[in-house]
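Reading through the structure tokens given below for one structure.
The values are calculated or read from the model by the stated rules, or taken from the named source; none is laboratory data. This one's a predicted model, so the numbers in the text were calculated from it and none came from an experiment. Because the Cβ atoms are built from the backbone with ideal geometry, glycine has one as well, and the counts that use them run over all protein chains shown. Note: accessible area is taken over every heavy atom of the protein model, side chains too, but ligands, DNA and RNA are not part of it. Shrake-Rupley method; radii C 1.70, N 1.55, O 1.52, S 1.80 Å.
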Amino acid sequence: MKVHEAIAEVLSRRGAPLFGLIGDANLFMVDAYVRRFDGRYLAAASEAGATLMALGWAQVSGGVGMATVTHGPALTNALTALAEGAKARVPMVLLAGDTPVAARDHLQDIDQRALVLATGAGFVQLRAPETVEADLAEAFRAARRDWRPVVMNMPAEFMWQEAGPQEAATEYLAPGASVAAEGEQLDNAVGILAAARAPIVLAGRGASAPEHRAALRALAARIGAPLATTLRGRNLFRGEAFDLGVFGTLSTPPAAEAIARADCVIAFGASLNRFTTAQGALLRGKRLVQVDAHAPEIGRRRAPDAALVGDPAEVARLLIRWLDAAGIPASGFRSDDLAASLAGWRPGPPGGPPPRAGAVDLRTALHALDAALPADRVFVTDAGRFVGEAWRWFDVGHPRDFVYACGFGAIGLGLPEAIGAAAAAGGRTTVLATGDGGFMLGGLGEFATAVRHGADLVILLCNDGGYGAEHVQFRDRGMDPGAALFDWPDFAPVAAALGGEGVTVRGPQDLPAAAEAIRRRRGPLLIDLKIDPDRVPPVPR
Ligand SMILES: Cc1ncc(C[n+]2csc(CCOP(=O)(O)OP(=O)(O)O)c2C)c(N)n1
């Protein structure tokens, strides 16, 4: 076998689709992957798109995403996507070609290792034709171990060489840290929970698997604590009587009130970032117990009063055993009043004056379309000012069905991630909420990709005719927002020209037609929600 075939064969055994864009260094590998090994290949319109699709696929499937690009500019085009994957901590392997080592004056030669490492992604070099299996195993192992993208750097001159007998490959991952059954930190944690009058159990993405859910529910019931999640763990406890929803700047008023009354937070698999803690304010005056399977996460953003390294479910069960052994009663925080205030809360109608003529209120539109969309959706968001409303009003069945494309705070990553998510959605509908600026930056080219691959995708384009996040800053200073305003083309006909469907909503009267378009769609559907740039609530920071 030649090296390009050996690589293709290993990839075809992994069960993930390969997203990519071909060039000198990877075209024969992709050809062999598809034609000889029957692999599922989805061609993207840009390298950023291919890499982001693999990130979207990885988040929904829980597996390691795979993408491939060629050398030089193909890799530089993927750098923002790699940074996104590193910040959002999504495991994937990007197979990047590299220019032949001997070709000193190759047009596309650039220091690929330096570029990749600067993004926060990992880097594994394909060392020789006989190390294809070992180096690929190491790339996938590193991606899973570190929860980040890893670039597998493949020199182009290897591709037509004989792969030959392969060096032994191992993809062994050390078992997760198991918690100590006794010790000072455990005593401290049990003591803090025993003394708490109003504890909250908080789950982040590192504690959002089904087995975590059951164990955390049991612990919360045992200590009389309401449950909450970070944004990326959202909807883990949906339907529970004492579910506060998101803990942080996106909390509902009754949840915020409960958080203010709490005296203790036990956080599982949560990074405790500035949004979860409101820059630390939400943890002030509360004892913090931090639990994480990854020791480096402990204390990374907030210093805990007690910390346990171990699988969240195991730790929760261990704590229950110790609380039982010590005969500690439940706190009284789970009161009927708290249940009633959580159950009784409904979002109010949009405040303030109505939007200008020809525009629809964003919240009204999102509520109507939420009801028209299937409940078992996968939900993806781009970044921008619209996103606070989208995060608030769109629920999913499980945290894994929520795809976060905002780890690097970049606009324009949502549509490609949605295409990857749709490839993992198993027949369910993928919904993308994006701004008009983000769509023009990174979505337009890949909309055609979504059409080509027949993605079941509904795009809610929150179109305030410009960069809303900047518009509001000009307005706040009494300045002319002209630099943030754009005279975009009408997006519905653009979607149709690219082979999809489009509808335009210029007021509440158009929402039933949009709902009907959702029901009847046969391919990617773009709903252009014309909203008033002066009537969009800010994103809570
Ligand atoms: C790659 C990138 N470029 C620029 C920015 C700065 N930026 C932040 S929000 C925003 C406006 C986005 O506009 P849109 O997608 O229409 O969403 P809106 O804010 O209007 O809701 C811009 C330009 C960014 N975050 N990322």
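At-a-glance table
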quantity	calculated
Filtered residues of the range 417-448 (kept if more than 16 Å from the ligand (Cβ to nearest atom), open to solvent by 10 Å² or more (accessible area, probe 1.4 Å), under 14 Å from P524 (Cα atoms) and not in a loop (DSSP other than H, G, I, E, B))	A422, A423, A448
Filter pass, G39 being part of a loop (DSSP other than H, G, I, E, B) and modelled with pLDDT of 95 or more	yes
Selection status of A180, open to solvent by less than 40 Å² (accessible area, probe 1.4 Å) and more than 31 Å from the chain's Cα centre (by Cα)	no
Residue list for the range 360-383, restricted to those being of a type in the set (D, E, K, R) and assigned to a loop (DSSP other than H, G, I, E, B)	D361, D376, R377, D382
Residue list for the range 384-411, filter: surrounded by fewer than 24 Cβ atoms within 10 Å (Cβ to Cβ), more than 15 Å from the ligand (Cβ to nearest atom) and either in a helix (DSSP H, G or I) or charged (D, E, K, R) (or both)	D395, R400, D401
Filter result for the condition that a residue is in contact with a strand residue (DSSP E or B) (Cβ under 9 Å, 6 or more places away or on another chain), of a type in the set (D, E) and without any contact (Cβ under 8 Å) to a residue 12 or more places away in the chain, over E184, E138	E184
Leading residue by the ranking (farthest from the ligand (Cβ to nearest atom)) among those in the range 520-530 that are open to solvent by 10 Å² or more (accessible area, probe 1.4 Å) and assigned to a loop (DSSP other than H, G, I, E, B)	R522
Set A207, A270, A295, A241: member being under 16 Å from R89 (Cβ atoms) and at pLDDT below 95	A295
Selection from the range 362-376 of residues that are away from the ligand (no atom under 14 Å from the Cβ) and out of contact with any Lys or Arg (no Cβ under 6 Å at 6 or more places or on another chain)	T364, H367, A368, L369, D370, A371, A372, L373, P374, A375
Single condition S208 does not satisfy, out of (1) within 26 Å of F275 (Cα to Cα); (2) touching a helix residue (DSSP H, G or I) at 6+ places or on another chain (Cβ under 9 Å); (3) free of Cβ contacts under 8 Å to residues at least 60 places away in the same chain	(3)
Residue within the range 160-178 that is within 30 Å of A316 (Cβ to Cβ), polar (S, T, N, Q) and modelled with pLDDT under 95 present	yes
Of all residues in the range 449-497 being among the polar types (S, T, N, Q) and within 12 Å of the ligand (Cβ to nearest atom), the one that is farthest from R535 (Cα to Cα)	Q473
Meets criteria (within 16 Å of the ligand (Cβ to nearest atom), modelled with pLDDT under 95 and surrounded by fewer than 21 Cβ atoms within 10 Å (Cβ to Cβ)) for R356	yes
Qualifying strands (runs of 3 or more DSSP E) (wholly inside the range 260-348; at least 1 residues being open to solvent by 50 Å² or more (accessible area, probe 1.4 Å) and among the basic types (K, R))	287-292
Subset of the range 165-177 (residues that are exposed (fewer than 10 other Cβ atoms within 10 Å of the Cβ) and closer than 20 Å to H294 by Cα)	Y172, A174, P175
Of all residues making up the range 101-139, the number that are aliphatic (A, V, I, L, M), in a loop (DSSP other than H, G, I, E, B) and at pLDDT 95 or above	5
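Here is a yes/no grid of residues against (1) among the β-branched types (V, I, T); (2) under 24 Å from R205 (Cβ atoms):
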residue: F402; (1), (2): no, yes
residue: G407; (1), (2): no, yes
residue: I411; (1), (2): yes, yes
residue: L415; (1), (2): no, yes
residue: G427; (1), (2): no, no
residue: V431; (1), (2): yes, yes
residue: G443; (1), (2): no, no
residue: V451; (1), (2): yes, no
residue: D476; (1), (2): no, no
